[in-house]
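The values are calculated or read from the model by the stated rules, or taken from the named source; none is laboratory data. Because the structure is predicted, anything quoted here is derived from the model rather than measured. Backbone-built Cβ (ideal geometry, glycine too); neighbour counts: all protein chains shown.
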Amino acid sequence: METDVIIFEMGPRDGLQNESTFIDTIDKIKLVNLLSKSGISKIETASFVSSKWVPQMADGEEVMAGIQRESGVSFTALTPNEKGLERAIKAKADEIAIFGSASEGFSKANINKSVRESLQTFRPIVEAAPMPVRGYISCITDCPYDGPTNPAEVVKVAEELLDMGCYEISLGDTLGSANPDSTEKLLSELLSVFETKDLAVHFHDTQGKAIENINISLDFGISTFDSSIAGLGGCPYAPGAKGNVSTEAVIEFLESKGLRTGVEREKIKKAAEFARSLRR
C-alpha cells in the first residue's frame, strides 16, 4: 500500500523495556504479530543489550524466532555493541539501531561512555553490519543531567552517525520536554545541514506536546515518526520521562491531515488494547 508517511513502531522494545515485571515472551510475540498485521511497516522488536542492565529484553532471540514475519514489514533490533550485532545477525533482524546522545551526562548514565567514546564504539558496528543501520540521538533538546541541549551538539552527533553509514537519524526527545519552539529551532539548524530524508522524530509525551511537535516536524518535511502502541514506554536512565507518543494518536493526527499511513484503524486498536493489558 502506498503511504505518505512512515510509522516506526517502538512499543515492543522502547515501550516494554521499562516495565518492572517481566512480560512473558509469548505476550511479546503476540504484540509484535498484532502490530505487523495492522499495516505498520517497521517494528523495533528486540534489544540485544545485556540482560543485567535491561532484564525485560533478555528474551530477544526467542521473540525474534517466534514472530510471524509478515511480508513488507521490517523487524528491527537495538544493538549497543559488537556482541549485540552478532546476536542480531543470528536472530535475522532486518535492520539494527545504535543509540548515542547529544549530552555528556546522559551518555555517561546510559552507556557509561562519553559522547566521543560512544561514537568510536559504534563505527565498527556500522561497518560490520550486513543490514541497514539506524542511528538514535537522545536528549535532543534537554538532558536530565546537563540541562538544555545546544542544537549544534545534535548536529555534530548526527554528522558522525551519517558519516559512518547510518541511513537515518531518529531525533529523540527523551524527556518529553520539547515544545514547538524548541522543535522548530532544532529542525531549522539540522535542515541547514541535512536533508529531510536523513531525519525521523521520536517524541515522548511527558508535557503533552508530542502531537504539536509532530505538526511542526511535518511543516519541515519530516515523514518518519517513531511512536509506541498505547503510549507504552519511558527510559530507565531519564528520570521523569513518560511514554512515547501513542501510535494511535499519531495515526489519527496524520490521517486528519489527509496523509496516508497504511495502517488499519481497527487492527491497531486491537493491538493497543492488548498492549494496555501488559502494563503491570
Which residue, of Leu186, Leu254, is in a helix (DSSP H, G or I), without any contact (Cβ under 8 Å) to a residue 60 or more places away in the chain, in contact with a strand residue (DSSP E or B) (Cβ under 8 Å, 6 or more places away or on another chain) and buried (at least 16 other Cβ atoms within 10 Å of the Cβ)? Leu186
Of the numbered conditions (1) in contact with a strand residue (DSSP E or B) (Cβ under 7 Å, 6 or more places away or on another chain); (2) part of a loop (DSSP other than H, G, I, E, B), Ser170 satisfies every one except a single condition; which is it? (2)
Take the residues in the range 1-44 that are among the charged types (D, E, K, R) and closer than 11 Å to Val263 by Cβ, then tell me which one is farthest from the chain's Cα centre (by Cα). Lys37
Residue among Glu44, Glu62, Glu19 that is buried (at least 24 other Cβ atoms within 10 Å of the Cβ) and acidic (Asp, Glu): Glu44
Among the candidates Ser177, Ser246, Ser182, Ser192, single out the residue that is in contact with a helix residue (DSSP H, G or I) (Cβ under 7 Å, 6 or more places away or on another chain) and over 19 Å from Leu78 (Cα atoms). Ser246
Which condition breaks for Gly60 when tested against (1) more than 27 Å from Gln120 (Cα to Cα); (2) in contact with a Ser or Thr (Cβ under 7 Å, 6 or more places away or on another chain)? (1)
Any residue at all in the range 256-279 that is closer than 26 Å to Lys156 by Cα and modelled with pLDDT under 95? no
Test Thr79 against the criterion of being surrounded by 17 or more Cβ atoms within 10 Å (Cβ to Cβ) and over 19 Å from Ser228 (Cβ atoms), and give yes or no. yes
Of the conditions (1) buried (at least 24 other Cβ atoms within 10 Å of the Cβ); (2) part of a strand (DSSP E or B), Phe99 satisfies every one except a single condition; which number is it? (1)
What do you reckon, is Ala238 modelled with pLDDT of 90 or more and either in contact with a His (Cβ under 9 Å, 6 or more places away or on another chain) or not basic (Lys, Arg) (or both)? no
Return the total of residues in the range 106-140 being under 16 Å from the mean Cα position of the chain (by Cα) and outside any strand (DSSP E or B). 4
Give the residue, chosen from Gly165, Gly176, that is in contact (Cβ under 8 Å) with a residue 12 or more places away in the chain and closer than 19 Å to Phe253 by Cβ. Gly176
Could you check how many residues of the range 245-280 are within 19 Å of Lys28 (Cβ to Cβ) and in contact with a Ser or Thr (Cβ under 9 Å, 6 or more places away or on another chain)? 9
